[in-house]
2 protein chains.
Amino acid sequence: MLRGSRSGGCRPKDTDQEFFMADALKIGIAGLGTVGASLVRIIQSRANELAVTCGRPVKIVAVTARDRMRDRGIDLTGIEWYGGPVDLAQKADIDVFVELIGGSEGAANAAVRAALARGLHVVTANKALLAYHGVELAQIAEEKGVLLNFEAAVAGGIPVIKALRESLTGNTISRIYGIMNGTCNYILTRMEKEGLSFADCLKEAQRLGYAEADPAFDIEGNDTAHKLAILTTLAFGNRIAADDIYLEGITNVSIEDIRAAADLGYRIKLLGVAQRTESGIEQRVHPTMVPLDSVIAQVDGVTNAVAIESDILGELLMVGPGAGGNATASSVLGDIADIAKSRPGEQRVPVFGHPAKALEPYRKAQMQSHEGGYFIRLTVLDRTGVFASVATRMAENHISLESIVQRSKQHLSPSDHQTIILVTHATTEDSVRKAVASIRNEGYLVGEPQVIRIERPKE
Amino acid sequence: MLRGSRSGGCRPKDTDQEFFMADALKIGIAGLGTVGASLVRIIQSRANELAVTCGRPVKIVAVTARDRMRDRGIDLTGIEWYGGPVDLAQKADIDVFVELIGGSEGAANAAVRAALARGLHVVTANKALLAYHGVELAQIAEEKGVLLNFEAAVAGGIPVIKALRESLTGNTISRIYGIMNGTCNYILTRMEKEGLSFADCLKEAQRLGYAEADPAFDIEGNDTAHKLAILTTLAFGNRIAADDIYLEGITNVSIEDIRAAADLGYRIKLLGVAQRTESGIEQRVHPTMVPLDSVIAQVDGVTNAVAIESDILGELLMVGPGAGGNATASSVLGDIADIAKSRPGEQRVPVFGHPAKALEPYRKAQMQSHEGGYFIRLTVLDRTGVFASVATRMAENHISLESIVQRSKQHLSPSDHQTIILVTHATTEDSVRKAVASIRNEGYLVGEPQVIRIERPKE
């Protein structure tokens, strides 16, 4: 045993002196953007603590980035610079390849494959890469007996990957949902608190750097979908299905919806939800009404939150920073530390909780069969009988109502229009779509009806 | 490498067939109460999943409990029964000793020592044992190169130990605080929601099994203190100091305090707080006012929550079940899984994050030097000048006030009494105590003044 443990470094009982005698874990970093630069700064400034905690020094020996000349405020002396990610992955004398480039294809993809093929551990923050090539990469990693860690890829600093992969071992998960895009949550929070329009809040988010110049990827829900696809696989053991997700962004959420939600005791959040149902696994990203008094409803601004419902543990909710150089670097560092504490070739934690080869095909539940409560906001002509007609169309589709409110001549609508707001009890997506379609045929509808799904935490 | 990994079981790439060929991880359980029985049920009913996820089967081979005859609704056929915990720890042919007995001394303590001395991994849910003997036990575990896991000892199903020990590697933690006692949180929640007295809520909690027949240990804050002491060591790397914690229970929290708190935008929770200050580490357990719109304020009933503030990650909050047979068993199982995935003699994760020998002496910050906001409720005689006098005593002690409210002839006080409620800006415990003492000397005070500290999440 002694020999066994010495060979790969020393055991915690050893003194600091001995710690530093242990082989250093050699790191190569591809990508020196905000996260990469933070990571370099942290590893360099906390070398001693890291050595003591990890049982061996953690040393950055190789880096690469697009522009070698750019001043990133970090000291790269003594660190070998490589011409490109693949070059670094193939040639550098390292134990761990850290990929902080981003993008599902191109350099990131090629470099990670090269690193794994070489039998290097890989740490990545790249959600797109995992969403589209995760299973394949996991299989290579497991064949090579190396670790492929990606805590930073989902919900930034929140250790949700570790919770799903390790803490919840043995649990059967029924639902996982969360706020996984800071841009959207910031916009929705501002809209509610300041009574501003979506467009104004988006502009402000862009000004503050919370939203990209081209915000589509965030506000249309794609970013959330990538993260959800990864969590779904960890939670349910299916092969990743990033393109089989029902997607609805927040661009159509109006200040009226937010106000009406508040009146009814709800708050609107963009949620990613994955759920086990009888007909398969539901994956959906859409604006969602959550009860005002639920914990997740209080998660404001750029903060993220992920809730996991399982049969043994019950409900676990984690709230934390979803982005930012430091928070993300912290997760990357945690992943590196796990590798430092393990030994090469002894990886026993399947990348996605279940061995990649044992992952099941994704059994998609059709959105039509989704069951839940619905918020429906209709603008209609101010005519006698309209209210009754709406109620009838609902009844015809076996939709029972929790509340139905008619608002005449309000700020909500011009004087010849009325707003009718309905909240349904649990029903199906199919029934709601049919009811709305038949209402549309009545001819008294003004503009598009607004339909927002309601999600409740487990009682 | 191949040989290396085969020798201790197979790698995730192997098929299920091969998984079952790997050596089983042999478990011995001491204590078959609610948690123990749940654990047996779970491990037996999920044998296959566990084998696949852990890379080897997990098998219960030995158990012991007080009463062998008692029907626990679990099947113990094929499992060897031992006369006592120490006997099992010393003689059973096992890899992991699971201690679910409880208590800091006696059988639990002796058995865990015996198991570690024998070089067995230990998993325990015993907060008292760790609070009083944790460092010593950690040292033995680290010398033997075995794991001592205790996720279930703090906040039941919430994976806060793993987050501190692994995910936050490299972070410098500034403060950790949380709701760690379900009984107290249940009582405070009921008091606020139903307007019931402390006594009535306690009775109900006892009727529902949320509170012990002798509730002192919970409601006086001792249970929270034990858990806090463990978290403090994980967060700050000091030796455990369970008896150096400022302690104030919830028995004196009145419905008036809860109402006044709500009026001022706060909610009262029993928090355990550990904080790094210039004069040392503060450890305190007391009723605390948290802002109504903070996430932790929404944590109701028996649910627990732990917040960690660190310099790299930022703030991480975890919410989940703090007790219960299944939730606790889930954490125990996660600990067992971590052992199954590791290899004997290669433990590299220091039990408390830092090697036991490297833990620093506890540098206690005196409570007098605590800085923060305060809520002060005074019942005074209805005399002219009293209000001015109170304000003056505050000013004399350099306490600036966020608000001061005088309530005459209300339900809060008989007609010849007044209630004065003050909320201070950040000040020191010392100043507040001096101010209250000098007010006491004025002679217009009726009964005891109520002082409740305010805790705010990091902005």
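The values are calculated or read from the model by the stated rules, or taken from the named source; none is laboratory data. Quick caveat: nothing in here was measured; it's all calculated off a predicted structure. Note: ideal-geometry Cβ built from the backbone for every residue, glycine included; neighbour counts use all protein chains shown. The accessibility values were calculated without ligands, DNA or RNA, using every heavy atom of the protein model including side chains. Shrake-Rupley method; radii C 1.70, N 1.55, O 1.52, S 1.80 Å.
Find out how many positive minus negative residues lie around B:Ile101, taking Lys and Arg as positive, Asp and Glu as negative, among other residues whose Cβ is under 14 Å from that of B:Ile101.
Details: positive: B:Arg66, B:Arg113, B:Lys127; negative: B:Asp67, B:Asp87, B:Glu99, B:Glu105.
Cβ neighbours under 14 Å give a net charge of -1.
Counting protein heavy atoms only, the protein assembly as shown has 49 percent of its accessible area on carbon and sulfur, 1.4 angstrom probe. Placing unit charges on the Cβ atoms of the charged side chains and taking the dipole of the range A:165-321 about its Cα centre, the candidate lying farthest along the positive direction among A:Ala216, A:Ala261, A:Leu228 is A:Leu228. Pair-distance distribution of the range A:310-459: all C-alpha pairs, bin width 5 Å, starting at 0; shares per bin in whole percent are 2, 7, 12, 12, 11, 10, 8, 7, 8, 7, 6, 5, 3, 1, 0, 0.
Taking the Cα atoms of chain A, the ratio Rg/Rh between the radius of gyration and the Kirkwood radius comes to 1.05. Select from chain A the helices, each a whole stretch of DSSP H, whose alpha-carbon atoms run 27 Å or more along the helix axis and whose Kyte-Doolittle mean is at least -1.0; answer none if there are none. None clear 27 Å together with a mean of -1.0.
I'd like the GluC sites (Glu not before Pro) in the range B:275-355 restricted to DSSP loop residues with at most 13 other Cβ atoms within 10 Å, sorted by number. Display every interim value, and only then the final one.
Details: sites: B:Glu278, B:Glu282, B:Glu309, B:Glu315, B:Glu346; in loops: B:Glu278, B:Glu346.
Within the range B:275-355, the qualifying GluC sites (Glu not before Pro) (loop, at most 13 other Cβ atoms within 10 Å) are B:Glu278.
Could you please report the charge total around B:Val332, scoring K, R as +1 and D, E as -1 over all other residues with beta-carbon less than 10 angstrom from its beta-carbon?
On the way: positive: none; negative: B:Glu99, B:Glu151, B:Asp335.
Around B:Val332, the surrounding residues sum to -3.
Rg/Rh for the protein assembly as shown stands at 0.98; both radii use Cα atoms, and Rh follows the Kirkwood definition. Estimated from helices alone, the mean residue ellipticity of chain A at 222 nm is -10500 deg cm²/dmol (sum of -39500 (n - 2.57) over DSSP H runs with n ≥ 4, per residue).
Buried on complex formation within the range B:128-171 (loss of at least 30 square angstrom of accessible surface versus the isolated chain, 1.4 Å probe, ligands and nucleic acids ignored): B:Glu142, B:Glu143, B:Pro159, B:Lys162, B:Glu166, B:Ser167, B:Thr169, B:Gly170. With coordinates expressed along the principal axes, the C-alpha atoms belonging to the range B:369-454 extend over 37, 23, 19 Å, beginning with the largest.
The mean of 1/r over all pairs of different alpha-carbon atoms in the range B:234-388, once inverted, gives a Kirkwood hydrodynamic radius of 19.2 Å.
Distances between copies at B:Asp214, taken between label points 7 Å from Cα along the C-beta direction, are 7.0 nm in increasing order.
So, with +1 on the Cβ of K and R and -1 on the Cβ of D and E, and no other charges, what is the size of the charge dipole of the range B:165-321 about its Cα centre, to the nearest 20 debye? Walk me through the numbers before you get to the answer.
On the way: 13 positive and 23 negative charges, 52 e Å.
Dipole of the range B:165-321, to the nearest 20 debye: 240 debye.
Remark on the range A:131-262: hydrodynamic radius 16.6 angstrom, per the Kirkwood mean of 1/r across alpha carbon pairs.
Let me know the charge dipole size of chain B about its Cα centre in debye, to the nearest 20, where only the beta-carbon of Lys, Arg (+1) and Asp, Glu (-1) is charged. Please list the in-between numbers first.
Details: 49 positive and 56 negative charges, 158 e Å.
It works out to roughly 760 debye.
Each Lys or Arg adds one and each Asp or Glu takes one away; over the other residues whose Cβ falls under 14 Å from the Cβ of B:Glu248, this sums to -4. With contacts taken as Cα pairs under 8 Å at a separation of at least 6 residues, the range A:309-444 carries a relative contact order of 26 percent. Backbone phi angles across the range A:79-96, fed through the Karplus curve with coefficients 6.51, -1.76 and 1.60 (θ = phi - 60°), yield HN-Hα couplings of 9, 6, 9, 10, x, x, x, 5, 4, 4, 4, 7, 10, 5, 8, 10, 9, 10 Hz in residue order; Gly and Pro are listed as x.
Just how far, in whole angstrom, is the range B:81-138 from the range B:195-268 if you go by their alpha carbon centroids? One Cα centre to the other: 28 Å.
With 30 Å² as the minimum drop in accessible area between chain alone and full protein complex (1.4 Å probe), the qualifying residues in the range A:20-58 are A:Arg46, A:Val52, A:Thr53. Across B:Arg363, B:Arg118, B:Arg72, the residue with the most accessible area heads the list, and the full order at a 1.4 Å probe is B:Arg363, B:Arg118, B:Arg72.
Pairs of alpha-carbon atoms within less than 8 angstrom and 6+ residues apart define the contacts here; what relative contact order does the range B:25-153 have, in percent? Each step should come with its number before you reach the end.
Numbers: 243 pairs, mean separation 30.4, N = 129.
Relative contact order here is 24 percent.
In order along the range A:247-252, the Karplus-derived 3J(HN,Hα) couplings, from 6.51 cos²θ - 1.76 cosθ + 1.60 at θ = phi - 60°, round to 10, 9, x, 9, 5, 9 Hz, and Gly and Pro are given as x.
Buried accessible area for the A:B pair, summed, 1.4 Å probe, in Å² rounded to 100?
Counting protein atoms only, the buried area is about 5600 Å².
Measuring with a 1.4 angstrom probe and ignoring ligands and nucleic acids, A:Trp81 comes out at about 50 Å² accessible.
Taking a point 7 Å out from the Cα of B:Ser45 in the direction of its Cβ, the residues of the range A:287-315 whose backbone N falls within less than 19 Å of it are A:309-315. Ligands, DNA and RNA aside, A:Thr53 has an accessible area near 20 Å² when probed at 1.4 Å.
Using alpha-carbon pairs under 8 Å, 6+ residues apart, how would you state the relative contact order of chain B in percent? Dividing the mean separation by the residue count of chain B yields 15 percent. A compact globular protein would have a Cα radius of gyration near 2.2 N^0.38 Å; the ratio found for the range B:138-187 is 1.44. With all protein chains in place and ligands, DNA and RNA left out, the 1.4 Å accessible area ranks A:Lys458, B:Lys227 as A:Lys458, B:Lys227, largest first.
Considering only B:Ala37, B:Thr392, B:Ala92, and ranking their Cα positions along the charge dipole of chain B that arises from unit charges at the beta-carbon of Lys, Arg, Asp and Glu, the one farthest toward the positive end is B:Ala92.
On average, how much accessible surface per residue is there in the range A:100-219, in Å², for a 1.4 Å probe, leaving out ligands, DNA and RNA? Could the numbers behind the result be given before it?
Numbers: 3570 Å² over 120 residues.
For the range A:100-219, the solvent-accessible area averages 30 Å² per residue.
Working from label points 7 Å from Cα in the Cα-to-Cβ sense, the B:Ala199 to A:Asp311 distance is 4.6 nm.
Given their separation in residues at 0.36 nm each and the Cα-Cα distance between them, B:Ala395 and B:Asp93 gain 101.8 nm when the chain is fully extended. Structure note, pairs A:Lys59/A:Lys357; A:Lys458/B:Lys162; A:Lys203/B:Lys269; A:Lys144/B:Lys26; A:Lys26/B:Lys227; A:Lys203/A:Lys227: Cα-Cα distances above 31 angstrom occur for A:Lys59/A:Lys357; A:Lys203/B:Lys269; A:Lys26/B:Lys227.
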